[in-house]
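The values are calculated or read from the model by the stated rules, or taken from the named source; none is laboratory data. A quick note: this is a predicted structure, and the numbers were derived from the prediction, not measured. Cβ placement follows ideal geometry from the backbone for every residue including glycine, while neighbour counts extend to all protein chains displayed. Please note that ligands, DNA and RNA were not included when accessible areas were found on the heavy atoms of the full protein model with its side chains. Shrake-Rupley method; radii C 1.70, N 1.55, O 1.52, S 1.80 Å.
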Amino acid sequence: MAWTEPAYSRRQVDRAGTTYVDAAATPEERELARTVINNWRSSHSFPLNTLTVNLRDGASRFDNAPTVAQRIKRLPSIQHKLERIPGMSLSRMQDIGGCRAVMAEAQGVQELVSFYKSASRIKHRPIREDDYVSTPKESGYRGAHLVYRYYSDRKPTYNGLAVEMQIRSRLQHAWATAVETVGTFTQQALKSSWGDAEWLRFFALMGSALARREGTTLVPGTPVDNRELADELRHLVVRLDVIDRLSAYGNALEFTEDAAELMPGHIYLLELDIPGESLRTRAYKNPAVALEEYGAIERAIEGQPGKDVVLVTVESLSALRRAYPNYFLDTTIFVESVREAIR
């Protein structure tokens, strides 16, 4: 299997990132920048695949059926990050390649993180750890992030490329994907804490409600008293019509597969069209072909609100729905948790 290798220096990559977000750049300059960025993204596929295999093995030690998936960062997400964070350069972005393990319980998250923090567990070089379970974000986000730089004597071409591991519990994952689902439908960057203040407050409160269930640290700025937390949550659930709206999102979507179940490949391209109320899923055996089509669709839908595409790798189509329920607009687990929180 042929894997893409870096074709440009880091200086060229950074220049391409700067050009891509420069409003004064010509269409020709922006297209050249896109070519460089796509090569840089694709070059992360091999180290990402290597660390995903490692993560799947590690997660299976502490959970009988973890959901493990990987993805290459979407171009709109790269653009948003470059624009949002002052001084950010593309070559220093640590989550171009990302893999995730969803564990059944919060205890499994803690055990898996401890497993990886043992120096002998992985040969790649750790460069960052963020424990958002012990110290949740004010948005309500919780989970553990570990960033590694790929290192290999046999594949030195990819040495130094960063891959981010995310480790979440089932409830932490339900919260995170619900935020993305609401953000997609309302066209707000709730994931980045931008948007309607009431939705942002609702998700912060739900972060604490789920943390209380798991016996972990509450979200800063939310009520410590359980009755007070439930009362404020109940008010926002009614005001925002949370349960009915979230339930309606998934019912509105028409899901189509392009022979996905018939193919042995586990590389999937998800193309979401909110205005057209459809999700199209395609499966691939060849990663190079998948990456090429990924870039072509991104180009075609650029600037069209409510349209999105992502390229992911999972073990099966059923695991795809568990790993990326936000693309299926499936918030079932989260809605059940909301009901329980406001009782």
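Annotations for the structure displayed:
- Residue list for the stretch 33-59, filter: among the basic types (Lys, Arg) and either under 20 Å from the mean Cα position of the chain (by Cα) or crowded, with 19+ Cβ neighbours inside 10 Å (or both): Arg41, Arg56
- Residue that is modelled with the lowest pLDDT, among those in the stretch 246-285 that are touching a Phe, Trp or Tyr at 6+ places or on another chain (Cβ under 8 Å) and open to solvent by 50 Å² or more (accessible area, probe 1.4 Å): Met263
- Selection within the stretch 189-245 - small (Gly, Ala, Ser) and modelled with pLDDT under 95: Ala189, Ser192, Ser193, Gly195
- Inside the stretch 28-86, residues that are over 26 Å from Gly108 (Cα atoms), free of Cβ contacts under 8 Å to residues at least 40 places away in the same chain and among the small types (Gly, Ala, Ser) make up a count of 2.
- Every listed requirement among (1) touching a residue at least 40 places away in the same chain (Cβ under 8 Å); (2) open to solvent by 50 Å² or more (accessible area, probe 1.4 Å); (3) in a loop (DSSP other than H, G, I, E, B) is met by Asp95 save one, (2).
- Number of residues in the stretch 99-121 that are over 26 Å from Arg212 (Cα atoms) and surrounded by fewer than 19 Cβ atoms within 10 Å (Cβ to Cβ) equals 4.
- Of all residues in the stretch 62-87, those that are assigned to a loop (DSSP other than H, G, I, E, B), open to solvent by 50 Å² or more (accessible area, probe 1.4 Å) and closer than 16 Å to Val312 by Cβ total 1.
- Applying the criterion of being farther than 21 Å from Gly108 by Cβ and of a type in the set (Lys, Arg) to the residues of the stretch 138-181, the residue that is surrounded by the fewest Cβ atoms within 10 Å (Cβ to Cβ) is Arg154.
- Of all residues in the stretch 194-209, those satisfying the criterion of being among the aromatic types (Phe, Trp, Tyr) and within 19 Å of the chain's Cα centre (by Cα) are Trp194, Phe203.
- Top-ranked residue of the stretch 10-32 - restricted to ones that are touching a helix residue (DSSP H, G or I) at 6+ places or on another chain (Cβ under 9 Å) and part of a loop (DSSP other than H, G, I, E, B), ranked as most open to solvent (accessible area, probe 1.4 Å): Asp22
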